[in-house]
1. Can you run down the residue pairs with Cβ atoms below 8 Å, 6 or more apart or on separate chains, where the first is in the range 96-123 and loosely packed, with under 15 Cβ neighbours inside 10 Å and the partner is part of a helix (DSSP H, G or I) and not aliphatic (A, V, I, L, M)?
2. Based on what the data block shows, is residue 79 touching a residue at least 24 places away in the same chain (Cβ under 8 Å), touching a helix residue (DSSP H, G or I) at 6+ places or on another chain (Cβ under 8 Å) and charged (D, E, K, R)?
3. Are there any pairs with C-beta distances below 9 angstrom linking a residue in the range 15-36 that is closer than 13 Å to residue 47 by Cβ and hydroxyl-bearing (Ser, Thr, Tyr) to a residue that is outside any strand (DSSP E or B) and at pLDDT 85 or above, with the two at least 6 apart or on different chains, and if so which?
4. Looking at (1) within 17 Å of residue 53 (Cα to Cα); (2) out of contact with any Phe, Trp or Tyr (no Cβ under 6 Å at 6 or more places or on another chain); (3) assigned to a helix (DSSP H, G or I), which one does residue 78 not meet, given that it meets all the others?
5. Taking into account only those residues within the range 1-29 that are outside any strand (DSSP E or B) and among the aliphatic types (A, V, I, L, M), which is modelled with the highest pLDDT?
Amino acid sequence: MAAYRLRLATCFATYHPGADRTIAWGIVVFRRPPEERRTLACIVEETVQVLGLAADRATYFPTVFTNDQARPAALSLNDKVLLRTLYDPAIKAGMSLEETRQLVPGIIHRLVTGMKARGEQALYQD
């Protein structure tokens, strides 16, 4: 699988889950050095995937998960909110999908409310 990915992709990431369903380790692999903007966009997207926000396509824009040439080389606010949601203290390793789905709307609401009051800095404070 890795050899197949390496032939086709500019870069790709993979991670290994721990026994407790956490991410034990991850790695981002580059096939060859492409143009600088694509390299940065690839680093950002694949690193976010190794952190647990795994997607190759998204239903929202802007995002690092877009598959066109307009892919941003930095996390969009949407991506930051979703990544911060994933690492909210209420989300625990081993939770079921249903348990997580029940928590996510409230977490996102709290983050968006905080951003409206204090700006993007609210994503980095509890």
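The values are calculated or read from the model by the stated rules, or taken from the named source; none is laboratory data. Predicted model only: the values in this text are computed from it and were never measured. Here the Cβ is made from the backbone with ideal geometry for all residues, glycine too, and neighbour counts use every protein chain on show.
1. Note: pairs meeting the criteria are 120/80.
2. Values: touching a residue at least 24 places away in the same chain (Cβ under 8 Å): yes; touching a helix residue (DSSP H, G or I) at 6+ places or on another chain (Cβ under 8 Å): yes; charged (D, E, K, R): yes.
Against the criterion (touching a residue at least 24 places away in the same chain (Cβ under 8 Å), touching a helix residue (DSSP H, G or I) at 6+ places or on another chain (Cβ under 8 Å) and charged (D, E, K, R)), residue 79 qualifies.
3. 15/49; 15/50; 15/51; 15/52
4. Going through (1) within 17 Å of residue 53 (Cα to Cα); (2) out of contact with any Phe, Trp or Tyr (no Cβ under 6 Å at 6 or more places or on another chain); (3) assigned to a helix (DSSP H, G or I) one by one, residue 78 breaks only (2).
5. Filtering the range 1-29 for residues outside any strand (DSSP E or B) gives 1-10, 18-22.
Adding the requirement that they be among the aliphatic types (A, V, I, L, M) leaves 1-3, 6, 8-9, 19.
On the way: 1: 54, 2: 57, 3: 59, 6: 56, 8: 68, 9: 71, 19: 88.
The qualifying residue modelled with the highest pLDDT is 19.
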